[in-house]
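Down below is the structure, laid out as structure tokens.
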Amino acid sequence: MEFTKSHDVADLEESMIGNHVTLGGWIEDLRKMGKIVFVTLRDASGRCQIVAKGQAGSDISSMSRQSVIRVHGTLQATKSHDFDFEVNAGSVQLLTEAVHPLPVDPMGRLQSNIDTRLNHRALDMRNPRTSAIFRIRHTALQSIRNYLAKRYIEITTPKIIGSASEGGANLFSLEYFGRTAYLAQSPQLYKEQMTLGLERVFEVSNFYRAENSNTGRHLTEFTSVDIEAAFMDYTDVMHTLETLIYKIMQDVQHTCISQLSSIPHHLTAPATPFEVITYEDALREVNEHGHKLKFGDDLQDAHLRIVGENHPGFYFLTDWPMSLKPFYIMGKDGNPEISKSFDLQYGHLELSSGGTRLHNADMIKERLIQQGLNPEQFTEHLGVFKCGMPPHSGWGMGLDRLMTILTGTSNVREVVLYPRDPVRLLP
Ligand code: AMO
């Protein structure tokens, strides 16, 4: 069976009128008007009108919507207001029939809830809104790589690991040839180690958290964008993050015009520099709403919602107490209670966290003990730090959370192909 095509729909243009073309795609819509059949053919690049008469018309008229077809015909002028030209079909071949009715309507005319759409994700990808989201994700990923690859080396760290990278909590464990292994929560230890020889590294990969959180911003498998850079302080990598976010938003705004209109979502690159507020500022704002938080208390979701009301866009939250930060974060000179770290927020949503790291093995060991972690489990990591580790800083940013901002959605499940959460493991 022949199934190749000569053009994608988006390749066709008015100057080609009179040319023979072979198209492949699926039937989005089909209308019979007397002896003429009008079909909207869609492929991944766009849609075009097919006009079929005679044998081609009677062949196509029996085919169900969303079936995959191959059309051989001639490009001609059209009277349609929706299309600039149409294809007069000489022959139509059914490649694969779609069942009727389909489990979800890919045109979105019959609304399906998110769970039903996720259960039929491949078909949902024929929905123009869903496919627009994943094209925007593609543009964002390209933008991230374009920007970071200029100064950073892209690395891929292991996802099956022998000991925790972010402390002991929220680790998925698995049986590994008679031993216990874990799924990496982040590339933290490896990316830090790589600054020893490569200086500046970045990674875009999936990581795993065994968090029983059923919210619109938590997944058990999420995509993280990470950087780690030698000879940089936390304020330097904050600047890198801010510039990267600006570039991503600018690229999406300029490249994804039709995708943004089919979501629909109005996106403009944010004003820079981002506002910087301290942890103590945030405590004050929360306590003005009747809470009684004191230094050292964590900012829970309810607290961040109050701060987010006052700061609805991007802002950095700095000067966190050391007690709230992981063992690898450095304290401030002359004020060791305060960390050289930050979170990047978008309103109440935490997008990224990072900081200046400890690069002295003995100090890391001390912090591990303070946090109730066993330094024995970090022997190899600490060994690396004795081999001439440069001072370094970095951050990790949740790509799925950023995607909710780029697409104006409130649920990370909308922007992840096959989301994994405490209840969803299929498809
Ligand atoms: P942290 O644990 O704050 O820091 O994670 C960094 C960012 O990753 C995203 N994220 C998640 N997204 C979806 N679902 C989850 N369960 C989830 N958990 C985290 C968030 C978060 O801000 N190693 C440090 C980063 C560093 O210092 O370089 C880390 O992992 O957007």
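The values are calculated or read from the model by the stated rules, or taken from the named source; none is laboratory data. Since the model is a prediction, treat every value here as computed from it, not as a measurement. Note: ideal-geometry Cβ built from the backbone for every residue, glycine included; neighbour counts use all protein chains shown. Keep in mind that these areas ignore ligands, DNA and RNA; they rest on the heavy atoms of the full protein, side chains included. Shrake-Rupley method; radii C 1.70, N 1.55, O 1.52, S 1.80 Å.
Comparison of H254, H239 shows that the only residue that is under 18 Å from F134 (Cα atoms), out of contact with any Ser or Thr (no Cβ under 9 Å at 6 or more places or on another chain) and assigned to a helix (DSSP H, G or I) is H254.
S393 meets the conditions (1) small (G, A, S); (2) at pLDDT 95 or above; (3) at positive phi in every case but one. The failed one is (3). Exactly one residue out of P422, P427 is within 14 Å of the ligand (Cβ to nearest atom) and under 17 Å from L219 (Cβ atoms), and it is P422.
Is it the case that G334 is open to solvent by less than 80 Å² (accessible area, probe 1.4 Å) and not hydroxyl-bearing (S, T, Y)?
Answer is no for this residue.
Looking across region 136-153 at every residue that is of a type outside the set (S, T, N, Q) and either buried (at least 18 other Cβ atoms within 10 Å of the Cβ) or within 16 Å of the ligand (Cβ to nearest atom) (or both), the one that is farthest from M249 (Cα to Cα) is identified as Y152.
If you go through region 129-177 and keep only what is in contact (Cβ under 8 Å) with a residue 40 or more places away in the chain, on the phi > 0 side of the Ramachandran plot and of a type outside the set (G, A, S), you end up with just N170. Among the residues making up region 216-236, those that are near the ligand (Cβ under 9 Å from one of its atoms) and more than 15 Å from the chain's Cα centre (by Cα) are I227, E228. When F207 is tested against (1) buried (at least 16 other Cβ atoms within 10 Å of the Cβ); (2) at pLDDT 95 or above; (3) assigned by TED's automatic domain parsing to the domain that holds H348; (4) closer than 20 Å to T409 by Cα, just one condition goes unmet, and that condition is (4).
Of the numbered criteria (1) touching a residue at least 40 places away in the same chain (Cβ under 8 Å); (2) open to solvent by 50 Å² or more (accessible area, probe 1.4 Å), the one Y182 fails is (1).
Okay, residues lined up against (1) within 14 Å of the ligand (Cβ to nearest atom); (2) open to solvent by less than 20 Å² (accessible area, probe 1.4 Å); (3) closer than 20 Å to I245 by Cβ; (4) touching a helix residue (DSSP H, G or I) at 6+ places or on another chain (Cβ under 6 Å):
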residue: G296; (1), (2), (3), (4): no, no, no, yes
residue: I329; (1), (2), (3), (4): yes, yes, no, no
residue: N360; (1), (2), (3), (4): no, no, no, no
residue: E366; (1), (2), (3), (4): no, no, no, no
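Applying the condition of being part of a strand (DSSP E or B) and among the acidic types (D, E) to region 155-206 and asking which residue is farthest from the ligand (Cβ to nearest atom) yields E175.
Yes/no per residue for (1) in the same structural domain as E242 (by TED's automatic domain parsing); (2) in contact (Cβ under 8 Å) with a residue 40 or more places away in the chain; (3) in contact with a Pro (Cβ under 9 Å, 6 or more places away or on another chain):
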{"position": "F314", "(1), (2), (3)": "yes, yes, yes"}
{"position": "M322", "(1), (2), (3)": "yes, no, yes"}
{"position": "Y328", "(1), (2), (3)": "yes, yes, no"}
{"position": "G372", "(1), (2), (3)": "yes, no, no"}
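Would it be correct to say that G24 is part of a loop (DSSP other than H, G, I, E, B), touching a strand residue (DSSP E or B) at 6+ places or on another chain (Cβ under 9 Å) and in the same structural domain as I69 (by TED's automatic domain parsing)? No: the conditions fail for G24. Of all residues in region 27-57, those satisfying the criterion of being in contact with a strand residue (DSSP E or B) (Cβ under 6 Å, 6 or more places away or on another chain), charged (D, E, K, R) and closer than 28 Å to L123 by Cα are E28, D29, R31, R42, D43, R47. Just one of the listed residues (S393, S341, S352, S410) is within 15 Å of the ligand (Cβ to nearest atom), surrounded by fewer than 17 Cβ atoms within 10 Å (Cβ to Cβ) and touching a residue at least 40 places away in the same chain (Cβ under 8 Å), namely S410.
Does S173 satisfy the condition of being in contact with a Pro (Cβ under 9 Å, 6 or more places away or on another chain) and under 30 Å from K365 (Cβ atoms)? When the stated conditions are applied, S173 does not pass them. Residues that are open to solvent by 30 Å² or more (accessible area, probe 1.4 Å) and aliphatic (A, V, I, L, M) do not occur anywhere in region 185-193. Within region 110-132, the set of residues being under 20 Å from the mean Cα position of the chain (by Cα), part of a helix (DSSP H, G or I) and among the polar types (S, T, N, Q) comprises N119, T130, S131.
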